[in-house]
Amino acid sequence: MLDCRPACDSTDHEFLVKNMCCYTNRSLSRSVARSLRQQGLTLIELMIVIALLGVVMAIAAPNYQEFVRNSRLATASDELLTNMMLAKTEAIKRNGVVIVCNSSDPTAAAPSCVADNPNWKTGWIVFVSKDGNGTFDEDEDELIRVTAGSANIGSVTGPDDVISVTFRSITLSGGDKEFKFCTEGAASRIVTVEKTGRIFRTLGPTCT
C-alpha cells in the first residue's frame, strides 16, 4: 500500500506534484466533513429557521385575512348583481313583471318578501309576479331563484321597498337604489340598480 504521509508532510512543490495521492486524500477528507455537516441542522440553525417562519407568518396573516374578507364581499355582491340581471332578462323575455325582494327565510317552502326592511343579509328571492301585486304568492306566482343569506359578511343594506322589474325597465319608487355589502376592515361593495335598467357594482369606502 502506497504511503502518502511523506508527500503530505513535504513542503516541496515538485515532490507534492509527483505524489498526487496526498491531494486525493485531502479531497476525500473535505468531502467527508461536508457530508457530516449536511446530515442535519444544528440547534441554533433550527431556532433561526423557526424565528424566520414566525416573522413571515406575522407579515402574511393580516394580508390573508384581508383577502378572505374581500373575497366574501365580492362573492355576495356578485350574487345579487347576477340575480338582478336575471330578473331583468326574465321580465323582458316573459313580457311581465319579475320581482327581487329580501326575505327573512328565503329557503322556506313558501318564502315571503319582507316589506320596509333594509336588511338584505338574510337573503332574497326572485319570482314572476303574475298578479302584479308585488308580493310572492305560492299559488299564483313562479319562484325563479332563491339566495340564502351569508353569515360570513357583516351587513347587506338595501332599500326599504320591494324592487319590481318589468320588461321595459326597473320600477323603483324614488329613483335609483343601492345595496351596500360591508364587513369591518374591508372596502364595501355597492350594487346600484338604476331606474333606466342599468345594473352595476362599484367599490365603496372601507367599512367600520
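The values are calculated or read from the model by the stated rules, or taken from the named source; none is laboratory data. Since this is a predicted model, take the numbers as computed values, not measurements. Positions of Cβ are generated from backbone atoms using ideal geometry, with glycine treated the same way; all protein chains shown enter the neighbour counts.
Residues of segment 102-134 that are surrounded by fewer than 16 Cβ atoms within 10 Å (Cβ to Cβ) and closer than 21 Å to THR89 by Cα: LYS130, ASP131, GLY132, ASN133. Each residue in segment 52-103 was checked for being of a type outside the set (Ser, Thr, Tyr), under 14 Å from the mean Cα position of the chain (by Cα) and within 22 Å of ALA115 (Cα to Cα), and 2 pass. Listed conditions (1) at pLDDT 90 or above; (2) of a type in the set (D, E, K, R); (3) closer than 24 Å to PRO205 by Cβ are all met by GLU90, apart from (3). Consider ASP105 carefully, then state whether it is part of a loop (DSSP other than H, G, I, E, B) and touching a Pro at 6+ places or on another chain (Cβ under 9 Å). Answer is yes for this residue.
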